[in-house]
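> Below is the structure I would like to discuss, written out as structure tokens.
The values are calculated or read from the model by the stated rules, or taken from the named source; none is laboratory data. Just so we're clear, the structure is a prediction, and the values are computed from it rather than from any experiment. Note: ideal-geometry Cβ built from the backbone for every residue, glycine included; neighbour counts use all protein chains shown. Just so you know, the surface numbers come from the protein's heavy atoms only, side chains and all, with ligands and any DNA or RNA stripped out. Shrake-Rupley method; radii C 1.70, N 1.55, O 1.52, S 1.80 Å.
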Amino acid sequence: MTKIVNHWIGGKTAEGASGNHGPVTDPATGEVTTKVAYASVEEVDAAVAAAKEAYLSWGQSSLATRTSVLFRFRALLDAHRDEIAELITAEHGKVHSDALGEVARGLEIVDLACGISVQLKGELSTQVATRVDVASIRQPLGVVAGITPFNFPAMVPLWMFPLAIACGNTFVLKPSEKDPSASVRLAELLSEAGLPDGVFNVVHGDKVAVDRLLDHSDVKAVSFVGSTPIARYIHTTASANGKRVQALGGAKNHMLVLPDADLDAAADAVVSAAYGSAGERCMAISAVVAVGAIGDTLVEKIRERAEKIKIGPGSDPTSEMGPLITATHRDKVASYVTGAAAEGAEVVLDGTGYTVDGHENGHWIGISLLDRVPTSAAAYRDEIFGPVLCVLRAETYEEALDLINASPYGNGTAIFTRDGGAARRFQMEVEAGMVGVNVPIPVPVGYHSFGGWKDSLFGDHHIYGNDGTHFYTRGKVVTTRWPDPADAPTGVDLGFPRNH
């Protein structure tokens, strides 16, 4: 019998009432294993109403109450990390170790949320004028929403809701309909940890659910991670409706390799960063810029390593890379490789047509490596989101930097070099939000914020870290004067208030 994933509203499972469902496949077999309910406008409204009702008490609850729930949730999440990783592998396809790593990075933000009291401390200035004090405080927004992608079905929601609810907000999550089970399991663990009903809700669906969240007057803020076109749409639509928005978009992350770099270390790093999780990461390295005469040697070292990657079902502990999320996405990724030569690239490795014995209907694609890729090629211009690596050549550091900065994306980047001066210059001059120095995937730890520049971010706030706390709260300044009991009333004064 096909499993059905329903909504989570008001602290319990809510069976889909719209009659619309979507298929969820096992990427390793291509079989439909699950159906997920698609929410109607009325079902989204019910989730928002539950969150609004819960906010009346949760928004006024003490920090101790909120953090005690999060501490219990953290313990449960840690205890069930293998179970959640198995759900991710079954629906996304990534290997189990990668799924475990996703949960671990999500736990970092739960840790941050457990210590939220430090980030929520206000400021106080006393005696700014005679018997006048000024205090700055931060308060929650109310009902907030998160719209999250398929590639990290546990981690990205965990980048959002722990901070949001720690700050006193209530939350409505619309996860990807392609791999929805992990989000519901997180909701169950939150309930088990003692989170009051309605503080966290999950509605599944498509554009109907998304658009209702963007339009609903009771939703005060929207967090989003996904492709650049959708991020732009989310930001434009939600902002027009008066909401606060953080919308993280796509990427084309470059690794700059200078002639003095350790080429073996650089090759190891780029293979891991380009092909890990089958390239379905917004922080994947998808373009390498080789400077000077090292290009041929570097490409050969990359090829040698890439050919040894074992591709297979994510549930197989010997697999290093799993399938892509859907057959449609697999075919789109393959099209960039089959069309690369006609656009001037040299195809070093062609992973199209790859299959796994016994799983021939899975969404398989092998490793692809393209060399001497012109910047006009679609494989370079577009975010492929698959295991395709482009190598470009540059004669000088300056030429390479100009190439990288000309990209419309500015999510992450990396430089590999032994020269500290060159590394420092690069980190100051490159136009990207996250920079790695001999680190290929510079995802910040939880207490620093994650976010890009240019077409990789819409809105003023990065996600998690201090930016996350600021996004889910708003500042208020309170100026207070208490009369001395010995003073007599001074009467009405219509003049401009004085500070002395």
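> Give me a count of the residues in region 472-481 that are surrounded by 22 or more Cβ atoms within 10 Å (Cβ to Cβ) and either among the basic types (Lys, Arg) or out of contact with any Leu (no Cβ under 8 Å at 6 or more places or on another chain) (or both).
Qualifying residue count for the region: 0.
> Return only the number of the condition from (1) modelled with pLDDT of 95 or more; (2) open to solvent by 10 Å² or more (accessible area, probe 1.4 Å); (3) not aromatic (Phe, Trp, Tyr) that Ala145 does not satisfy.
(2)
> If the Cβ limit is 6 Å and pairs must be 6+ apart or interchain, which residue in region 460-478 that is in contact (Cβ under 8 Å) with a residue 12 or more places away in the chain and farther than 13 Å from Ala247 by Cα pairs with which residue that is open to solvent by 80 Å² or more (accessible area, probe 1.4 Å) and of a type in the set (Phe, Trp, Tyr)?
Matching pairs, first to second residue: Gly465/Tyr447.
Here's the yes/no breakdown for (1) farther than 29 Å from Ser456 by Cα; (2) among the β-branched types (Val, Ile, Thr); (3) assigned to a helix (DSSP H, G or I):
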position: Gly276; (1), (2), (3): no, no, yes
position: Met283; (1), (2), (3): no, no, no
position: Ala290; (1), (2), (3): no, no, no
position: Ala293; (1), (2), (3): yes, no, yes
position: Val299; (1), (2), (3): no, yes, yes
position: Ile309; (1), (2), (3): yes, yes, no
position: Ser315; (1), (2), (3): yes, no, no
position: Ser319; (1), (2), (3): yes, no, no
position: Leu324; (1), (2), (3): no, no, no
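> Considering every residue within region 233-251, establish whether at least one is surrounded by fewer than 17 Cβ atoms within 10 Å (Cβ to Cβ) and outside any helix (DSSP H, G or I).
Yes: region 233-251 contains one or more residues that are surrounded by fewer than 17 Cβ atoms within 10 Å (Cβ to Cβ) and outside any helix (DSSP H, G or I).
> Still on this model: Inspect region 149-170 for any residue being open to solvent by less than 10 Å² (accessible area, probe 1.4 Å) and assigned to a strand (DSSP E or B) and give the result as yes or no.
Yes, there is a match, as at least one residue in region 149-170 is open to solvent by less than 10 Å² (accessible area, probe 1.4 Å) and assigned to a strand (DSSP E or B).
> Could you give me the residue pairs with C-beta distances under 6 Å whose first residue belongs to region 217-233 and is closer than 29 Å to Gln139 by Cβ and modelled with pLDDT of 95 or more, whose second residue is open to solvent by 80 Å² or more (accessible area, probe 1.4 Å) and outside any strand (DSSP E or B) wherever it lies, and which are 6+ apart or on separate chains?
Cβ pairs passing all conditions: Asp218/Lys52.
> Val445 passes all but one of (1) closer than 18 Å to Ala261 by Cβ; (2) touching a residue at least 60 places away in the same chain (Cβ under 8 Å); which number fails?
(1)
> While we're here: Show the residue pairs meeting these rules: Cβ distance below 7 Å; 6+ apart or different chains; first residue within region 325-342 and under 14 Å from Val373 (Cβ atoms); second residue open to solvent by 60 Å² or more (accessible area, probe 1.4 Å).
Close Cβ pairs (under 7 Å, with a partner that is open to solvent by 60 Å² or more (accessible area, probe 1.4 Å)) amount to Val337/Asp350.
> Something else: Considering Arg303, Arg372, Arg330, which residue is surrounded by 14 or more Cβ atoms within 10 Å (Cβ to Cβ) and on the phi > 0 side of the Ramachandran plot?
Arg372
> Against the conditions (1) open to solvent by 10 Å² or more (accessible area, probe 1.4 Å); (2) farther than 16 Å from Pro153 by Cα, where does Ala209 fall short? Just the number, please.
(1)
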